[in-house]
Amino acid sequence: MRSEFPLIWSGGRPGDDYVPNTFDATAPPTIEAVPLSKDEPWETISLHYQTMQPSLIAGIFPAFTQLGTRFEHSMRTIGLPAATVAEEQMRVPIALLESLAIGGIVLRQGALQRCREEVARVSPTAAPYYQVILSPTEAPTVVGEHIFHEIHLVPGMVGLFQCQHLAAEGKGMFHLSDRFSWKHDGSTLMVSDPADKRFLKAILPRRFAVEDTGCPCGESFIRVKHL
Amino acid sequence: MDHLEKMRTLFARAMESTHSGFYRNLYRGLPVDPGFPHTLFEWESLPLLSKAIISAAPFQQRIFIPTNEVGMIRFTSGTTKSGIAAIPRRKMAFEPAHARLMPVSRYMGFLVPHGIYDNYAEHTAVCIGGDSARLDASAALASRMRIEGIAGPPGVLIAFASHLAAQYDISHIRHICVQADTTTKLQRAALARLYPNATDIVSCYTSVEFQGKCSISPFPPDPRHTDALQSHPDMYFECVDADGVVQKGVSAKGELVATTLYDAAFPLLRYKTGDEAEMLGNGRFLITGRTLGGRIRFEAGVLLVEELERVITLVTGGMAADFEATVGEILVADRPTLTLSLALLVPAIYTRGVDVALVGKQIEDTLRVSEQRTYAEAVARGACMPLVCTLESLDYGLGRKRRRLFDAREQ
């Protein structure tokens, strides 16, 4: 049985969203359904919205991940228009880049390169920011001032993320989501959800060092060594 | 608010200058005033709307709301940019269509793209989105969710059955909501066979313009008449003859015309659904067939679905009673670009161990478009599009241009 990383969770409540425990749709035997409360925000959506002030954000996701549900719910929470499209159809919102003034694009890393090429082709002057979703085992491949990476523990559940300062600094630095409790022993990063124990523990197999200061946003961050 | 009052509100909104010009263009020159329509008779003077008229308009015109009021936008086509729908920010007007139709606690829907389920605020069931491009993974997720109902286009649901059965006790599927306007009776029968415990297979009408939502609401079947459909309070139905004249009264027959009276992004006003209907009174009606009938139109002539079915059955040794024919831009083996083709989806369960490419070739050689000419010869002359036989549905998320070729085959 293959798994992206050890993960234990329990239960679910009426009204919860359910997401797969993996981004890997090629491994059906290992797929489980993880309950996520609609009340749990996708906090980085609003974070980047506050700093970048887009008028509309596009979400480009594989349907399997159920990220569209989480994305649109978050967008409604902050009261911003959202354009949601399946990954295979990313050309459509990009074709509308100028007429709909899409200021930000949220997508999986696998779609980033193609998306940037499409944006450059359709509207060379457009400069949307990219919020790039990584699985726990993925590492950023492209860095840039307006390319914000985040590692999801399961689709829609942000564990590590970059503010605009960390994104500009490099690909190995992340803030830790304060929704979770974090422990580390230098080689693994363990995360738990103290709130309701539904999400109990996950271990990210990374080497990292904790930096308490240095990010202009004032938050501590970790420097991941083997990304 | 009665139907007439809703029509007035809807019409006024359609004519607002801040909205797209689609309906203003359509109704240009009509003698309408701000209070239009004052009577149903006036309403019936409006031109009928068809899929062809919608498709001919630039997509921006179909976004029926000002850009600054866009709440959510859904896209359904990667190549034509034609399937675009926008939902007003000021009012989320999603129809909890499946929710009403699916008395189950957990279901998976392929009919709507990800994200829409969250709008079913009053819906207590767990709704999860299927990915038609990854049916095995969707089946895994569905089995973990222990789903009891599914919704989607018939081809996807038929293909999904084998994936789901491999991982799940398919008898748990009790309810199916199927996209009615692309479902043949044969497909419906196939669904009943593949999902043996699905005692409730109901119809859901959608428009290709709005795959993200049910533009034409589904109609819960009236328990007193299993074939009858019940209109929704926010829908208005008419029955028109071939000249577009409204046929009234119980037992009136003609083509079904629907108007969405709710606050949709792109309301359909007097939209011809392509269904032949018989009105039963009290808001109930029977769908008796499709106006196009079982015909495939080609430059070379007309191909009867019966003939196509006969040949498929002959070529596959009597196994292929269930097939789906569509026209779409697909990659054909010996052509470098997407080519408009006739695609025949024959479920794998009927052709196990058979080379589908060979089946396709045999069909082309056996099928006759006229007494003098086989389909293969017509293709060679450029009179027919290439024929492709496949085991898997050709579209649904692959970004290919696709449109339904023919409608319900009458049994």
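The values are calculated or read from the model by the stated rules, or taken from the named source; none is laboratory data. Everything quoted here is computed from the prediction, not taken from an experiment. Here the Cβ is made from the backbone with ideal geometry for all residues, glycine too, and neighbour counts use every protein chain on show.
With respect to the conditions (1) outside any strand (DSSP E or B); (2) touching a Pro at 6+ places or on another chain (Cβ under 8 Å), A:GLY144 falls short on a single one, namely (2). Of the helices (runs of 4 or more DSSP H) contained entirely in region A:64-124, those carrying at least 1 residues that are modelled with pLDDT under 75 and not aromatic (Phe, Trp, Tyr) fall at A:91-95.
The rows are residues; the columns are (1) away from every other protein chain (no Cβ under 13 Å); (2) touching a strand residue (DSSP E or B) at 6+ places or on another chain (Cβ under 8 Å).
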position	(1), (2)
A:GLU43	yes, yes
A:LEU47	yes, yes
A:ALA63	no, yes
A:THR69	no, yes
A:ILE78	no, no
A:THR84	no, yes
A:ILE133	yes, yes
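Filtering region B:365-380 to residues that are surrounded by 21 or more Cβ atoms within 10 Å (Cβ to Cβ), at pLDDT 85 or above and part of a helix (DSSP H, G or I) leaves only B:TYR375. The residues of region A:19-63 that are assigned to a strand (DSSP E or B) and buried (at least 21 other Cβ atoms within 10 Å of the Cβ), listed by number, are A:VAL19, A:PRO20, A:ALA33, A:VAL34, A:LEU36, A:ILE57, A:ALA58, A:GLY59, A:ILE60, A:PHE61.
Scanning region B:13-33 for residues that are exposed (fewer than 14 other Cβ atoms within 10 Å of the Cβ) and within 28 Å of the chain's Cα centre (by Cα) yields a single hit, B:ASN25.
Could you count how many residues in region B:124-141 are more than 23 Å from the chain's Cα centre (by Cα) and more than 9 Å from chain A (Cβ to nearest Cβ)? Qualifying residue count, region B:124-141: 1.
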